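For reference, the structure discussed in these notes is given below.
The values are calculated or read from the model by the stated rules, or taken from the named source; none is laboratory data. Keep in mind that what you see is a predicted model, and the values were worked out from it rather than measured. When we count neighbours, we look across all protein chains shown, and the Cβ atoms used for this are built from the backbone with ideal geometry, even at glycine.
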Amino acid sequence: MNSKIAGIFTIVTLAAILSACGGKDANKPQQAAPPAIPVSLYAVQSQSVKGVDQYPGTIVPLVEVELRAEVNGYITGIFVKDGQSVKKGQKLYEVDQSRYAATYRQLNAQVQIAKANLARVTKDVERYTRLSEQDAIAKQRVDYANADQQTAKSQVAAAEANLANAATDLARSVIKAPMNGTIGIAPVRLGSLVSAGTTLINTVSSPDPIAVDIAIGEGEIQRFIKLQVNPPAKSDSTFSLVLPDKSVFGIPGKITAIDRAVDPQTGTLKVRVTFPNPGNRLRAGMNCLVRVANSDAGNQLTIPNKALTEQLGEFFVYVLGDSNKVAQRRVNIGSRFNDMVVVREGLKEGEQIVSDGVQNLRPGAVVNPNGPGGPGGAGMGGTNAGGTNAGGGAAAASADSSGGTSGARNGLSDSTQKK
C-alpha cells in the first residue's frame, strides 16, 4: 500500500517538473527575424553606346632638330622671333664672324701664293724640258723641276683644303633653319657666349602633322598591330584625341609606328598615333588622352557603376529574387561612361539589381525596395545617360573602357574619372 502511494507521488512530481519546464519554454519570446535592408533598385536596360578605350599620351613632334653652335664665339645677330614659323635655309642666328672672316682671307691669300708658285715651277718644267731636248742642260735639272712642280701642286692642294675649312667655319657662324617648322624660345641672347657642339641655341620642330605617344599593355599588342596593318578610313573616328581642357580634337588620327620591344620595367609597348595639326592647336609636350574605339558599340546593357562590387578582380551585382531576397551574381563588364557601365555578360534586360545600399548586403539578405532611394529614384529606370532618361528609350552615350585588361589605360571618361 505504501509502495503504491510512493509511486503515485513520484509520477505526480515528475509531471509537475515537466510542466514547469514546458511552461518556461512556452513563455520565452521567439527571436525576431532581421529587418529588411532598405535599398534602391535599378531595372537593367539597354542604351546606345559607343565604347572607347582611353590611354594617357604625350604629344611629340614627328621631326625635331636642336640648333647648336658649331663654332665658338659670341652671338652677334638674331634674325628670328621666338616661336615663329621658319622656312628651310632661313637665316636665324649669327656668331661673331670677324675672326673667321680674317682667317678665311688669310688662307685665301696663301692659296693664291701657292698657285703662283705652281705657275712658276710649271714654266720652269716646260723651259727645262725644251732645253733638255736640245741637250743644252743636264736631264737631272729637268728631274728637279718636275719634283718642284709636284711639291707646288701639293702646296696648292693643302692651301685650298685649309681655305675650305675656313670657309666652313665662316659658314657655320651663320645658323640657318634646317627645315620648315616652328622655332622655340631661345635660351641665348645677343652677346651670349656659345661653344661649338655644346651650347643649345634653339629647337625647330615640325608642327603638322604631329604625333601622340601612348603605352599599351602586352595583351593589346595584336589588336594594335591589326589597326596598323588595316588602318581605318580617313573619316573613321577609331583614334580621337581629348585635350587637357576636356575638348575633343576634331580630326581623327592613325597609327604610324609601334615600338620594337616591350619595356621590361613597365610591361608596356609604345605606340605612336599621328594627327593632322592645322592651326598648330596641338603643341609638343602637351598631355592628352587618346580614345580608341572598341567593340562596345550599339545597344548594350548598362547599369550604374555603384551597383558593382569587386572581389579579387571580378565584378558582382546583387539581383532581386523571390520574397525580396537578393542573390550575388558575377558579371563581365565593358566600357564605362559617366556613372554607368556596360555589362557584356551576366544580366538580362529587365532584371532588377540593387543600385544603392550594396555595401550592407550579403547573399540571401532580404531587402526593402521601398526604403530610402527605392523605386522612383535612380533605381527604377530613372538614371540619365548621355543626357537622355534611360527609362524612356535608348540613349546615345560615349563610353570609355572599364580597364582590367591593361594597366596602361586611363580611367577617365568624357568628364568623369572612372570609379
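With respect to (1) of a type outside the set (Asp, Glu); (2) part of a helix (DSSP H, G or I); (3) surrounded by 20 or more Cβ atoms within 10 Å (Cβ to Cβ), the lone exception for Ala171 is condition (3).
A residue that is without any contact (Cβ under 8 Å) to a residue 12 or more places away in the chain, under 30 Å from Val71 (Cα atoms) and small (Gly, Ala, Ser) can be found somewhere in the range 141-159.
In the range 317-335, the residues that are at positive phi reach residues that are at pLDDT below 90 with C-beta atoms within less than 6 angstrom, at least six apart or across chains, in these pairs: Asn324/Val366; Asn324/Val367.
For the range 255-262, does any single residue satisfy the condition of being surrounded by 14 or more Cβ atoms within 10 Å (Cβ to Cβ), part of a loop (DSSP other than H, G, I, E, B), among the β-branched types (Val, Ile, Thr) and free of Cβ contacts under 8 Å to residues at least 60 places away in the same chain? Walk me through how you get there before you give the answer.
Taking the range 255-262 and keeping what is surrounded by 14 or more Cβ atoms within 10 Å (Cβ to Cβ), we get 255-259, 262.
Applying the additional criterion that residues be part of a loop (DSSP other than H, G, I, E, B) yields 259, 262.
From what's left, among the β-branched types (Val, Ile, Thr): 262.
Next cut, free of Cβ contacts under 8 Å to residues at least 60 places away in the same chain only: 262.
Yes, that holds for at least one residue.
The rows are residues; the columns are (1) under 16 Å from the mean Cα position of the chain (by Cα); (2) buried (at least 17 other Cβ atoms within 10 Å of the Cβ); (3) of a type in the set (Lys, Arg); (4) outside the structural domain of Val80 (by TED's automatic domain parsing).
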| position | (1), (2), (3), (4) |
| --- | --- |
| Ala177 | no, yes, no, no |
| Arg189 | no, no, yes, no |
| Val194 | no, yes, no, no |
| Ile216 | yes, yes, no, yes |
| Lys226 | no, no, yes, yes |
| Asn230 | no, no, no, yes |
| Ser240 | yes, yes, no, yes |
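The residue that is farthest from Leu301 (Cα to Cα), among those in the range 66-94 that are among the β-branched types (Val, Ile, Thr) and either in a loop (DSSP other than H, G, I, E, B) or in the same structural domain as Ile216 (by TED's automatic domain parsing) (or both), is Val71. Tell me, please, whether a residue that is modelled with pLDDT of 90 or more and of a type in the set (D, E, K, R) can be found in the range 165-184. Yes, the conditions are met somewhere in the range 165-184. Pro187 fulfils the conditions (1) touching a helix residue (DSSP H, G or I) at 6+ places or on another chain (Cβ under 9 Å); (2) closer than 21 Å to Gln90 by Cα; (3) not in a strand (DSSP E or B) except for a single criterion, (1).
Selection over the range 335-359 of residues that are not polar (S, T, N, Q) and not in a strand (DSSP E or B) gives a count of 9. Consider the range 40-69 and keep the residues that are touching an Asp or Glu at 6+ places or on another chain (Cβ under 8 Å) and charged (D, E, K, R). The one that is modelled with the lowest pLDDT is Lys50. Scanning the range 74-111 for residues that are in contact with a strand residue (DSSP E or B) (Cβ under 9 Å, 6 or more places away or on another chain) and among the aliphatic types (A, V, I, L, M) yields Ile75, Ile78, Val80, Val86, Leu92, Val95.
Of the conditions (1) more than 21 Å from Gly191 (Cβ to Cβ); (2) outside the structural domain of Ile183 (by TED's automatic domain parsing); (3) exposed (fewer than 14 other Cβ atoms within 10 Å of the Cβ), Ala102 clears all except one; give me its number. All conditions are met except number (1). Can Ala36 be described as at pLDDT below 65 and among the hydrophobic types (A, V, I, L, M, F, W, C)? Judged against the criteria, Ala36 is not a match.
Check whether at least one residue in the range 125-134 is in a loop (DSSP other than H, G, I, E, B), surrounded by fewer than 18 Cβ atoms within 10 Å (Cβ to Cβ), on the phi > 0 side of the Ramachandran plot and at pLDDT below 90, and report yes or no. No, the range 125-134 has no match at all. Residues in the range 263-284 that are assigned to a loop (DSSP other than H, G, I, E, B) and out of contact with any helix residue (DSSP H, G or I) (no Cβ under 7 Å at 6 or more places or on another chain): Asp263, Pro264, Gln265, Thr266, Pro276, Asn277, Arg281, Leu282, Arg283, Ala284. Checked against (1) small (Gly, Ala, Ser); (2) assigned to a loop (DSSP other than H, G, I, E, B); (3) more than 30 Å from Arg172 (Cβ to Cβ), Ala119 passes all but a single condition, namely (2).
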